[in-house]
Number of protein chains: 2
Amino acid sequence: MPNALDPDAPLGVFDSGLGGLTVARAMLVTLPAERIVYLGDTARVPYGTRSAQTVIRYARTCSRVLIDRGVKALVIACNTVSAVALELLRAELDLPIVGVVQPGARAAVAAAEAMAALNGAHERLPKIGVLGTLGTINSGAYPRAVAQLSTRLEVVAEPAPLLVPLVEEGWLEGQVPELAVERYVTPLIRAGAGVIVLGCTHYPLLRNVIERVAARVAGRDVPVVDSAEATAREVLELQQSGRLPPAVHATPADRRLELLVTDLPNSFSSAAERFLGADAPEASQIDLKVI
Amino acid sequence: MPNALDPDAPLGVFDSGLGGLTVARAMLVTLPAERIVYLGDTARVPYGTRSAQTVIRYARTCSRVLIDRGVKALVIACNTVSAVALELLRAELDLPIVGVVQPGARAAVAAAEAMAALNGAHERLPKIGVLGTLGTINSGAYPRAVAQLSTRLEVVAEPAPLLVPLVEEGWLEGQVPELAVERYVTPLIRAGAGVIVLGCTHYPLLRNVIERVAARVAGRDVPVVDSAEATAREVLELQQSGRLPPAVHATPADRRLELLVTDLPNSFSSAAERFLGADAPEASQIDLKVI
């Protein structure tokens, strides 16, 4: 049973693995009174290479785990799930659900419009370049989300399948991530992208590389936006509009984030420090057999 | 129920994904009368980054699918499963089971001894260098398997986590695979490896790169061995020793291999051509919900 009426219930956040911690981190900052239960489906990561049908099945089990823990809302901190399963989960489940694609598209549109205003009317509008997993790009979710926000902005998209494994392995600097990023970013820039949206919650850890490569290929700075902060703000807006009750009783800072994983927690806990810093709590394993 | 007494029952082969097709291909050549049912657990690939506990759980479901299809023996065409679950599956299941670690270790020992014989008694014995997934390397399965075959040969091992994603993406040539391989092969060569065993069934598709990099780092040719052919020969030896009945009635060549996957078959079928050539059969999806 969803616990949507208890304002002190936690917010549930899930992702295939580590990447969604960038969203959880932004939520801890933007929503300082809220508790968060984060679920990383590490026994089945990655999602981005799988079919929509399988991603939907996995998303249902993750949602169920968090709802059984009494969360008052769900944040889908995974672009692939947001791209292929958000509408379905909203239809099936009786609590507020926020995805990352719409906030990411909003951030990208804002950046492109700011750029256009800066460049003046004589320059062509910058296109929005999307990097994402195969599942996210194939779904067409970003072009759809941008089209709802602007009729003038075009989207070009490029699947970047090697970036998730690079981030999961912590291989974030040096020639290999540089060359991999170059392979994915170059066609975006050549197709006219003037803004790049990181359409996968893993990619912010490669932001420095992506910014450097994009600037080199384009010959000028290319704004890079991600959905983490925009998603946290969307949860805040849900609260401000009365659709989600804010927490009444503050939780001590060191108990505001609970981490759950579906595989053994050891390597997740150490990797979580890359995302959250040394304050990252220990992760606990939940048993997939019972879900 | 296993169907161990029907000589015309197929051989069951499973892997986390595509890699085991290198073993299936070798079996089609070495066992020309046998039928093969191959299962790639594409909805849960990769296994190599997961805990032993999760790999065991996944291996049990794969074994069950194939046994329910009446196979007369199981070939575990995945080093990670062979390294962490082979003994357990042998204890639990009532049919002959062949893994890839012992055949791979045998091929490596034979290559190292051939090299030592060639070099003469005055040179130090070459060490055996193992590339594998984190799960395989952490299990210590290769050092144990080599120790059972030779008391003189030492093993050095290196986890190579990015190579599976590179092969799954078909990124097999160029600077990125070259640099990734260099990062993993260099410490092996520096530690004295004179032979390299490909401790993952995905890696034969990167064999050219691995051979080239190893020769450059070592300053001389380094034999590279894989377990595919040695595993097929181990199945043949099971038949020759009377522990597994050979097929009585030959199956037409174009119906000898059946491919099953747990995620949608589209991308698997096209990738299977990289392993099997244009004759690769279409893959069919089985529903994980019912297993």
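Exactly one residue out of A:VAL197, A:VAL164 is closer than 18 Å to A:ALA108 by Cβ and in contact (Cβ under 8 Å) with a residue 12 or more places away in the chain, and it is A:VAL197. Looking at this structure, is B:SER82 closer than 19 Å to B:GLN285 by Cβ, surrounded by 20 or more Cβ atoms within 10 Å (Cβ to Cβ) and in contact (Cβ under 8 Å) with a residue 12 or more places away in the chain? In short, no. Taking the criterion of being farther than 21 Å from B:ILE56 by Cβ, touching a residue at least 12 places away in the same chain (Cβ under 8 Å) and part of a loop (DSSP other than H, G, I, E, B), the residues of the stretch B:115-155 that qualify are B:ARG124, B:LEU125, B:PRO126, B:SER150, B:ARG152, B:LEU153, B:GLU154.
Of the helices (runs of 4 or more DSSP H) lying entirely inside the stretch A:1-103, those carrying at least 1 residues that are within 30 Å of B:THR42 (Cβ to Cβ) and within 14 Å of chain B (Cβ to nearest Cβ) are A:52-68, A:79-92. Of everything in the stretch B:265-274 that's at pLDDT 85 or above and buried (at least 18 other Cβ atoms within 10 Å of the Cβ), which residue is farthest from the other protein chains (Cβ to nearest Cβ)? So, considering only residues that are at pLDDT 85 or above and buried (at least 18 other Cβ atoms within 10 Å of the Cβ), the one farthest from the other protein chains (Cβ to nearest Cβ) is B:ALA272.
When A:ASP254, A:ASP226 are checked against the criterion of being touching a helix residue (DSSP H, G or I) at 6+ places or on another chain (Cβ under 9 Å) and over 30 Å from B:GLY135 (Cβ atoms), A:ASP226 stands alone in meeting it. Based on this model, can you work out whether B:VAL176 counts as within 22 Å of the chain's Cα centre (by Cα) and either over 30 Å from B:VAL65 (Cα atoms) or basic (Lys, Arg) (or both)? No, not satisfied. Considering each residue of the stretch B:207-220 in turn, none proves to be at pLDDT below 95 and within 14 Å of chain A (Cβ to nearest Cβ).
May I ask you to list the residues in the stretch B:219-238 that are surrounded by fewer than 18 Cβ atoms within 10 Å (Cβ to Cβ) and more than 16 Å from B:LEU74 (Cα to Cα)? Across the stretch B:219-238, the qualifying residues are B:GLY219, B:ARG220, B:ASP221. Scanning the stretch A:167-185 for residues that are more than 9 Å from chain B (Cβ to nearest Cβ), part of a helix (DSSP H, G or I) and without any contact (Cβ under 8 Å) to a residue 40 or more places away in the chain yields A:PRO177, A:GLU178, A:VAL181, A:GLU182.
Does the stretch B:82-96 contain any residue that is touching a Leu at 6+ places or on another chain (Cβ under 8 Å) and within 24 Å of B:LEU205 (Cα to Cα)? No, the stretch B:82-96 contains no residue that is touching a Leu at 6+ places or on another chain (Cβ under 8 Å) and within 24 Å of B:LEU205 (Cα to Cα).
For the stretch A:101-121, residues that are among the polar types (S, T, N, Q) and surrounded by fewer than 21 Cβ atoms within 10 Å (Cβ to Cβ) total 1. B:HIS202 passes every criterion in (1) crowded, with 21+ Cβ neighbours inside 10 Å; (2) more than 14 Å from chain A (Cβ to nearest Cβ); (3) within 20 Å of the chain's Cα centre (by Cα) apart from (2).
A:GLU158 meets all of the listed conditions (1) more than 14 Å from every other protein chain (Cβ to nearest Cβ); (2) in a strand (DSSP E or B) but one, namely (1). Filtered by the rule that a residue be among the aliphatic types (A, V, I, L, M), surrounded by fewer than 21 Cβ atoms within 10 Å (Cβ to Cβ) and within 14 Å of another protein chain (Cβ to nearest Cβ), the stretch B:128-155 gives a lone residue, B:LEU134.
How many of the residues in the stretch A:52-79 are polar (S, T, N, Q) and in contact (Cβ under 8 Å) with a residue 40 or more places away in the chain? Of the residues in that region, 3 qualify. If the condition is being within 23 Å of B:VAL45 (Cα to Cα) and in contact (Cβ under 8 Å) with a residue 12 or more places away in the chain, then the stretch B:233-266 contributes B:LEU257, B:GLU258, B:LEU259, B:LEU260, B:VAL261, B:THR262, B:ASP263, B:LEU264, B:PRO265.
The values are calculated or read from the model by the stated rules, or taken from the named source; none is laboratory data. Being a predicted model, the structure only gives us computed values, none of them experimental. Methodologically, a virtual Cβ is constructed for each residue, glycine included, from the backbone with ideal geometry; neighbour enumeration extends over all protein chains shown.
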